[in-house]
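Here the structure is laid out as structure tokens; the discussion comes afterwards.
The values are calculated or read from the model by the stated rules, or taken from the named source; none is laboratory data. In this text, all values refer to a predicted model and were calculated from it rather than measured experimentally. So basically every Cβ, Gly included, is an ideal-geometry build from the backbone, and we count neighbours across all protein chains shown.
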Amino acid sequence: MHIGIVSSSLGNFGGDVCDSSNPRANVQVLATVDESTYSGGTMGTDHPIAWCHVVDLGRSWYTAMGHSAGNYSDPVFLEHLSGGILWALGRDALAPCTVDQNCDGLVDPDDLADFIACFFENAGGGAVCAAADFNRDGGADPDDLADYIAAFFAGC
């Protein structure tokens, strides 16, 4: 696993998180939260909030961050998010691409919504939306959805 791509800039985050049992024994922890930055924490000094692990033939990546809209304009958080998605896909990088789905010159949430709608129109056998074949492999399939979402958060 390339930990750097997932968590190279992450430190010990503070904030509002949910408490549950500590997964450390079964996963590779990528980030922890400092419980002194909020009230109600029950894990003490070892409170993981991002981790990954291999599950059977797949990969699982989790983050408890991203509760605030401001997180999505933070380059450190976006690197964490895109790195985790890429790791779960088994990739180190994305091919050159554009994610301005509606060609308005902006990369914003409506582009993500437009792509997802287009993708599922194809999946349902409705009108063909050529943009759903994001990786241009000749078909709109799950790897297109995963590639687009990763590219969107990576800001390609």
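A few comments on the model shown:
- Candidates 127, 131, 95, filtered to the one that is at pLDDT below 75, touching a helix residue (DSSP H, G or I) at 6+ places or on another chain (Cβ under 9 Å), over 26 Å from residue 29 (Cβ atoms) and part of a helix (DSSP H, G or I): 131
- One residue from 30, 10 being surrounded by 13 or more Cβ atoms within 10 Å (Cβ to Cβ), modelled with pLDDT under 85 and over 12 Å from the mean Cα position of the chain (by Cα): 10
- Residues that are out of contact with any helix residue (DSSP H, G or I) (no Cβ under 6 Å at 6 or more places or on another chain) and among the charged types (D, E, K, R) within segment 20-67 comprise 24, 34, 35, 46, 56, listed in sequence order.
- Only a single item in (1) buried (at least 21 other Cβ atoms within 10 Å of the Cβ); (2) at pLDDT below 75 is not met by residue 144, and it is number (2).
- Candidate set: segment 109-124, residues that are surrounded by fewer than 19 Cβ atoms within 10 Å (Cβ to Cβ) and at pLDDT 70 or above; chosen: the one farthest from residue 69 (Cα to Cα): 120
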